[in-house]
Amino acid sequence: MTALLSVEHLTKHFATRHGLIRAVEDVSFTVAAGETLALVGESGCGKTTVALSLLRLIRPDGGRVHFEGVDLEGGSEKAEKAWRQRLSIVFQNPYSSLDPRMRIRAIVGEPLVTAYGLRGRALTERVVKHLDEVGLGAEHLTRFPHEFSGGQRQRIAIARALALEPKLLILDEPTAALDVSVQAQVLNLLQELQKNLRLSYLFISHNLATVENIADRVLVMYLGRVVEEGPVDRVFAAPHHPYTRGLLDSVPSTDPKLRGRLQPVSGEIPSALNPPPGCAFAPRCQRAGNECRGDPPPLLPAGPGRSHACLHPL
Amino acid sequence: MCAYDCPTFSTVPSRASVPEMALHVSELCKDYPTPSGPLSVLRGIGLELQPGEALAVMGPSGCGKSTLLHILGTLDRPTSGSVRLDGHEVVGASEADNERLRGGVAAMIFQNPGKALNPFFTIGRQLTDALACVRGLTRGAAEQAAVEALTEVRIADPALAMHKYPHQVSGGQLQRVMIAMALSCQPKLVIADEPTTALDVTIQAQVIVLLRDLARIHGLTVLFITHDLGVVGSLCDRLAVMYAGRVVESGPVDALFASPAHPYTASLLRAVPMLGRGRSVLTQIPGTVPNMAAPPPGCAFHPRCPVAQPRCSGDDPASRETGSGRTVACHFPLPAPAGAEAGATVGSLAS
């Protein structure tokens, strides 16, 4: 399977008043056509920086990004604009990602105006088509975002992301801000769209149950680095990295019989300003030895489609 | 009387043998005045909590959870009904009387500790103020009690933490401070509003384990407002499911998870992704939560209900007891699945 998106050694550092923050350090991954790759990790692990770097909303410091075999680095403004038509993003909170003063036709149509200069009936027809894809009718065209529920707003945000018919959608916790009873609607819609439009997804989330529901492969990040990668079912069934195990053991079971099973990882995520030497997870890891505190362990292949960055894998 | 014409409820299972409930709520109604008439947010809520019990209240956004929480914490007053906190009637009591209940009898843990604590004062100052105010301790005694409370919630260096400002501490530590503050006043009832949703996955698990241990050690009575079925399963004894300002189903957590009687509860359990279910298509609940300014006639859930009958759009079902401490407000409750026992897991619903 040829990769639609391939990211190699992506690095992004932020210089702050208090020192250098290594937000993303040497992250590599690929997303195949029609595939869903989940990016999993806790706050500050660099998930969102990866997404924003791909969209060129921030500029990475190093690494190469290929999309459909084309290298983006050093591309002109025009090449970047073309690039942004091929991938798009749905943000976490549809209450803040939709401009409250714009009508739905203008919100969903804006990318079409910017990219193709569509106007009038041609624009309306395209907007209606994309609204229909997300299960909303043409009667909503002249409404404002406040007239919609959270689930409907997220549908509008998805319709906007689909307007330029991208190949890849970045979904940044698309259901986290929604009520539990409507999360399923959005997750099912995303699965259906993927099937019908042959979309690839980069699904950013910290909710492992949602990841298991929607993703093919998973990339676990910790403090700017990838610690484990592989097919979701196998990684979740038998994680190699102690951090992945810790994440899975931190999800409270819905079964009251398993109350005693919850085994949280001790300690907290270290500050990105002052990361521990070697493996960043070592201070919280029960398996860590002295060798873990030397150099960060490299991400090495381990089994079919899997890799992990750990000297003492499970 | 409340604007909503609620049917006469017998929402609360009778437990005559227990003399005093930590919390007893009956026929609680709350209307908010709006330009287009009163908005009925709570429409006859009945709940009760025995000392030492942990009750989860679940429901979609807009179902009235927060309004209920504010009333129970004596931060708001209901339109009608009764709320008894540790034997004290809250409704109609004077502000001075309710002031005494706040913190001392009912303490709250808020969802977002970063917003609940004052950024201008040290953690120590905020803890000692609460202790001095609620328990009437002297400054010295309050400081000692505050350090003890911080130790109890497993803050690494309590004496040092006392001198820190909220922004100098991580979110997980702040939530521990909030828990310490709530428990330091030795309340009869702790009301926790989604205490773990703002936290990271691994930190969330730490706080859940902390709350569980503290509840066991002190025999705490806790009312959790939550969205998270995992929190319900790992922390709570009983569950009350709210929908559109009513408790539509309540009972022991494992019984409710194994054989939900209300179609909303059943749909919800199948609509939420759970670890271990794999890549399944979720059963979605069609439509959206009703607008309380114009609630549907009859049962508020009927427009979204898979088993609704003509009768459901006519009259609103009263809540009734179905045995083993369970109540349900539905004309056509789901039968218990054949062979299902109280111990069957939620996971089995997936199959």
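Please treat every number below as a calculation from the coordinates, not as lab data. It should be emphasised that the depicted structure is a prediction, and the values quoted were computed from it without experimental measurement. So basically every Cβ, Gly included, is an ideal-geometry build from the backbone, and we count neighbours across all protein chains shown.
Seen against the Cα atoms of chain B and their longest principal axis, helix B:139-152 is set at about 50 degrees. When only Cα pairs below 8 angstrom with a gap of at least 6 residues are kept, region B:129-236 shows a relative contact order of 24 percent. Rounded to the nearest 20, the size of the Cβ-charge dipole of chain A about its Cα centre is 500 debye, with Lys and Arg at +1 and Asp and Glu at -1. If only the Cβ of Lys and Arg carry +1 and only the Cβ of Asp and Glu carry -1, the dipole of region A:239-314 around its Cα centre is close to 260 debye. Over region A:239-314, the hull volume per residue, using the convex hull of the C-alpha atoms, is 117 Å³. Below 14 angstrom from the Cβ of A:A82, what's the summed charge of the other residues (Lys, Arg +1; Asp, Glu -1)? Once all neighbours under 14 Å are counted, the net charge is +1. Under the membrane-span-like helix rule (DSSP H runs whose alpha carbons stretch at least 15 Å along the helix axis, mean Kyte-Doolittle hydropathy -0.5 or higher), chain A yields A:104-116, A:150-162, A:180-197.
Local charge for B:V169 was computed over the other residues whose Cβ lies under 12 Å away, with Lys and Arg +1 and Asp and Glu -1, and equals 0.
Report D for chain B in µm² per second (integer): Stokes-Einstein, Kirkwood Rh on Cα pairs, 20 °C, 1.002 mPa s. Result for D is 101 µm²/s. Taking the charge dipole of the protein assembly as shown about its Cα centre, with +1 at Lys and Arg Cβ atoms and -1 at Asp and Glu Cβ atoms, the residue from B:M274, A:P301, B:L160 reaching farthest to the positive side is A:P301.
With all pairs of different C-alpha atoms in the average, the Kirkwood value for the hydrodynamic radius of region A:1-102 is 15.1 Å.
Chain A has equivalent-ellipsoid semi-axes of 36, 23, 17 Å, by the square roots of 5 times the alpha carbon gyration tensor eigenvalues, sorted largest first. In terms of surrounding Cβ atoms within a 10 Å radius of their Cβ, A:K78, B:K115, A:K167 rank from fewest to most as A:K78, B:K115, A:K167. The simple spin-label model puts a point 7 Å past each Cα toward its Cβ; for A:D132 and B:Q309 those points are separated by 4.0 nm.
Both the radius of gyration and Dmax for region B:145-238 are 12.9, 39 Å, in that order, over alpha-carbon atoms. Stokes-Einstein diffusion of region B:203-351 at 10 °C, 1.306 mPa s viscosity, Kirkwood radius from Cα pairs, rounded to a whole number: 95 µm²/s.
Under the simplified labelling scheme, the A:T16-A:A176 pair shows an inter-label distance of 1.7 nm, with each label point 7 Å from Cα along Cα→Cβ.
Taking the number of Cβ atoms within 10 Å of each Cβ as an exposure proxy, the fewest-first ranking of B:H167, A:H241, A:H206 is B:H167, A:H206, A:H241.
Amide hydrogen proximity for A:A38: with H placed 1.01 Å from N in the peptide plane, the residues at 5 or more positions away or on another chain lying under 5 Å are A:F203, A:D216, A:R217, A:V218, A:L219.
May I ask for the Kirkwood hydrodynamic radius of the protein assembly as shown, worked out over all distinct Cα pairs and given in angstroms to one decimal? It works out to 26.8 Å.
Cross-link pairs exceeding 24 Å between alpha carbons, from the set A:K129/A:K167; A:K129/A:K195; B:K30/B:K115; A:K47/A:K129; A:K78/A:K167; A:K12/B:K115: B:K30/B:K115; A:K47/A:K129; A:K12/B:K115.
Within the shell of other residues whose beta carbon sits under 11 angstrom from the beta carbon of B:P252, the net charge comes to -1, with Lys and Arg scored +1 and Asp and Glu -1.
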